[in-house]
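Working notes, beginning with the structure itself.
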Amino acid sequence: MNQTNNPTLTFEDLVAFFWRWRKKLILLSIVIVVLSSVFSSPFFIKPKYKSTVIFYPTTTNSISKALLPEVGQKAADVLEFGAEEEAEKALQILQSSKLRNKLINQFNLMKHYKINPKKDSYPMLKLERKMESNFNVSRTRYLSIRIDVMDEDPKKAADFATGMANLYDTIKTEIHRERALEALEIVGRANMNKEMMIQGLHKQMQELGQSGVTNYEEQSKAIQEAMINASRLGSSPQVLNDLIMQQENLVKFGGLYLSIVDKIKLEEEKLSDIRAKYDRAKIDVEENMTHKFMVSDAYPAEKKSYPVRWLIVVVSLFSGLTIASFIFALIEKLNKIKLEKEQATVQP
């Protein structure tokens, strides 16, 4: 471009270069603008509409612990939200294959995206790529979850975004219920075993009753009083012998009786705790609470979000002029080299 031997490219050189190629560059700019406008029109690129759902995941995992905490345990706040850990867990669920498969089945996305499982070689791969380009899940700086869905049908985009948020609730409920059901079964078995143990202890009490021990404290007190009265009144030796035999029998089985009574009391206290845990586990299985606080609901967009025609035109124009300038500069350089060779050949 610069005809001097100075290798430094100056502003004047650039101005001179673009001036020499101004007509071609202007013509090329017009062509690029027209073509990019045409090819970014709805005739070639179908417009897409975006719908967005924003929600906060809750921090409460157990309904029973939140509403019916154990004695001495602090109740969880069912209205609390905005925890970073819960936001990360929500992202994992929303990006899981379990939710994706439910979303595919619920909205028949194979048919929606015109994918034929019988004719296409890799239908699931094709569907996953479609979903990756149209579904986006992210965490905001305020620790909320944002779901963006793009689709050619604005109502479908809103339905997909809302459906994805609802499926998050469904899957998290299923996960909690599955664990709660296991806990309910475990506590139920513990409850049944404890009841059987207490029944066994009561059976031993009945056997002791057949041996003459029904209430150690009352019987011991009654026999003591009866022996005192018998001695004072001068009762017959047979009466005293009977009282002595009753006392010996009471001494023989009294220790076992007191041991069983204490054990029954202790086991019944444990059974009460187990039953309370069983009731809480049953609540976690049978009851349900939402796992999100909605901030922004999805609605059908009135204006398309894709493609952005002006951006396509600007990028195409910039790219085209950059490539054209490089080619024109290369042409000038080749012409200069060719001219220098011709001059060298002419000179003696």
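Quick notes
- Over 24 Å between alpha carbons, listed pairs K46/K156; K114/K172; K111/K156; K172/K270; K172/K194; K126/K292: K114/K172; K172/K270; K172/K194; K126/K292
- Straight-line cross-link reach from K303 at under 19 Å between alpha-carbon atoms covers these aspartates and glutamates, not counting any fewer than eight positions away in the same chain: D148, D151, E152, D153, D159.
- With contacts taken as Cα pairs under 8 Å and at least 6 residues apart, the stretch 137-204 reaches a relative contact order of 14 percent.
- Linear extension gain, S96 paired with R20, 0.36 nm per residue minus alpha-carbon span: 21.5 nm
- The simple spin-label model puts a point 7 Å past each Cα toward its Cβ; for T173 and S121 those points are separated by 4.3 nm.
- Length available on full extension from S133 to I327: 0.36 nm per residue minus the Cα-Cα distance, which gives 66.4 nm.
- Label-to-label distance, T140 versus E12, with points set 7 angstrom from Cα along the beta-carbon direction: 5.8 nm.
- Loop-located trypsin sites (Lys or Arg not before Pro) in the stretch 141-196 (DSSP state not H, G, I, E or B) with no more than 10 neighbouring Cβ atoms inside 10 Å: R141.
- Extension gain from K265 to M205, taking 0.36 nm per residue of separation minus the Cα-Cα distance: 20.3 nm
- Label-to-label distance, nm, for residues given as V308 and I198 (7 Å Cα→Cβ offset): 6.9
FYI, it's all coordinate maths here, none of it is from the lab. Treat the numbers as computed from the prediction; the structure is a model and nothing was measured. Don't worry about glycine lacking a Cβ; one is built from the backbone with ideal geometry, like all the others, and counts go over all protein chains shown.
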